[in-house]
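Asker: One structure coming up, written as structure tokens, with questions to follow.
Any read-out appearing in this document is the output of simple, stated calculations on the displayed coordinates, not a laboratory observation. Note that the coordinates shown come from a computational prediction; the quantities given were computed from them, not determined experimentally. Reconstructed Cβ throughout: ideal geometry from the backbone, glycine too, with neighbour counts over all protein chains shown.
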Amino acid sequence: MRVVVDKNSPVVTEAFQQFGEVRALATKEITADSIRDADMVIVRSETKVTKEFLLGSSIRFVGTATIGTDHVDLEYLRAHGIGFASAPGSNANSVAEYIVAALLTLAQRKGFVLQGKIIGVVGVGNVGSKVARYVKALGMVVLQNDPPLSRATGNPHFIPLDDLMGADFITLHVPLTTTGMDPTYHLFNAKRISTMKKGAILVNTARGSVVDNTALRNALDRRHLDGSVLDVWEGEPGIDVELLKKTDIATSHIAGYSFDGKLAAVKMVYAAACQFFGQAPTWMPEKSLPKPRLERIVVSDMGDSLEETLRTIVKKCYDIERDDRLLRGISTVADDGVRSYFNRLRVEYGMRREFYNTTIELPAALASMEVVLTSLGFVVVIR
């Protein structure tokens, strides 16, 4: 078999070599021409898998090492008997850790504490449910909105979107849809944003077009909102640089880009391909794990507060401000260089490991921190 893979996914060549010849290409090189003679293609969200992309090819299986599928024409695949797999939930922990890092950073910058603040989580699936658990561990009051889950479960914890508008923070974790009972395209448009609490902060790590970026920029201009955190953008990679300048934390669609999350996605798609082609799995992903950069953090005292200590620990594992600084460099390039700059940040994204790879060593006097740290995924030992 011939397999074309996006080399931006870690160890993807190693994973799929059991099927035959593997060609690892840069995202921009994965085109209708380059997959013409391939039996399988493994993409990421930047590659649009359309009828035109597949027409005339020998493709029998499409995999996307991402949680979203809005870049794939699923109807065309079904109609032509082409197998398909995505990786729902693979980057959930990575995104949740991004949210934790963003909130702790904003609290420090703006001089407030997260304890007791109200956060509305819109979309409580694989990602949103983990975010809800993590922010609750930070001492925040969590409101949850998810109409499909509400209908399916009848769980009273899911409340109408209108009832979230008084929250101090709203964080979005929904797929991008334009049809059905719960379309999410411009879910947060000018009207919706105007109903948010004055001084609230909007966080979007879902899809860019879930938020009307022009409406958000206007809300920030007139100071209706006190800030925003954006990892996803309308029109990316051709993003609104003026909106970026008004955003508190701005990153290049990398919230889910931990090495562990990418590896989990490859593992899920690989398993689906093995099942589709009737092959027994031979790849062992555990052998592909590099040594964590930071295996242990020794905490000697509480510092100014628990929240400040948490922020210090989290920053050592994931410096979200570095990702923010890197994207802000886009303002120095010419207009025609914005797209390539944004894409380069994604392609060249460095090694980021999730919290569970780091052990926190606490003195007995700080044993009370163990519950919070383990709730965020860290391994804790008391000395």
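Asker: Which net charge results when you count Lys and Arg as +1 and Asp and Glu as -1 among the other residues whose beta-carbon is under 13 Å from that of F378?
Answerer: Once positives and negatives cancel, what remains is -2.
Asker: Debye sum, Cα scatterers, the range 229-339, no solvent: what log₁₀ I/I(0) at q = 0.15, 0.17, 0.18, 0.24 1/Å?
Answerer: Taken in order of the listed q values, log10 I(q)/I(0) reads -0.90, -0.97, -1.00, -1.24.
Asker: Continuing with this model, one more query. Can you quote the Å³ per residue value for the convex hull of the Cα atoms in the range 64-114, rounded to an integer?
Answerer: Dividing the Cα hull volume of the range 64-114 by its residue count gives 87 Å³.
Asker: Amide H neighbours of I297 under 5 Å, at least 5 residues apart or on other chains, H built in the peptide plane: list them.
Answerer: T359, I360, E361
Asker: Return the calculated 222 nm mean residue ellipticity for the chain, to the nearest 500 deg cm²/dmol, obtained by summing -39500 (n - 2.57) across DSSP H runs with n ≥ 4 and dividing by the residue count.
Answerer: Helices in the chain give a 222 nm mean residue ellipticity of -9500 deg cm²/dmol.
Asker: Which cross-chain or sequence-distant (5 or more) residues have an amide H under 5 Å from the amide H of A200, H modelled 1.01 Å from N in plane?
Answerer: For A200, the qualifying residues are D226.
Asker: Could I ask something else about it? With respect to the cross-link table entries K117/K267; K136/K291; K130/K291; K245/K291; K117/K316; K197/K262, which display a Cα-Cα separation exceeding 27 Å?
Answerer: K117/K267; K136/K291; K245/K291; K197/K262
Asker: What's the local net charge at K262, with K and R +1, D and E -1, over the other residues with C-beta under 12 Å away?
Answerer: +3
Asker: Sticking with this one: What would the Debye formula give as log10 I(q)/I(0) at q = 0.14, 0.18 Å⁻¹ for the alpha-carbon point model of the range 289-383, no solvent?
Answerer: -0.63, -0.83
Asker: Using the Kirkwood radius over C-alpha pairs as Rh, can you work out the diffusion coefficient of the range 92-250 via Stokes-Einstein at 25 °C, viscosity 0.890 mPa s, in µm² per second?
Answerer: Value of D from the Cα-based Kirkwood radius: 158 µm²/s.
Asker: List the residues, sorted by chain then number, that are 5 or more residues from I159 or on another chain and whose placed amide H is less than 5 Å from its amide H.
Answerer: Q144, N145, D146
Asker: Cα centroids of the range 289-338 and the range 192-246: how far apart, whole angstrom?
Answerer: 22
Asker: Using the Cβ atoms and a cut-off under 10 Å, what net charge is assigned to the surroundings of V95, where Lys and Arg are +1 and Asp and Glu are -1?
Answerer: Once positives and negatives cancel, what remains is -1.
Asker: Only counting other Cβ atoms within 10 Å, I'd like F277, F158 sorted with the fewest neighbours first.
Answerer: Listed from fewest to most nearby Cβ atoms, that is F277, F158.
Asker: Which value does Rg/Rh take for the chain over its C-alpha atoms, Rh per Kirkwood?
Answerer: Reported Rg/Rh, Kirkwood definition of Rh: 0.97.
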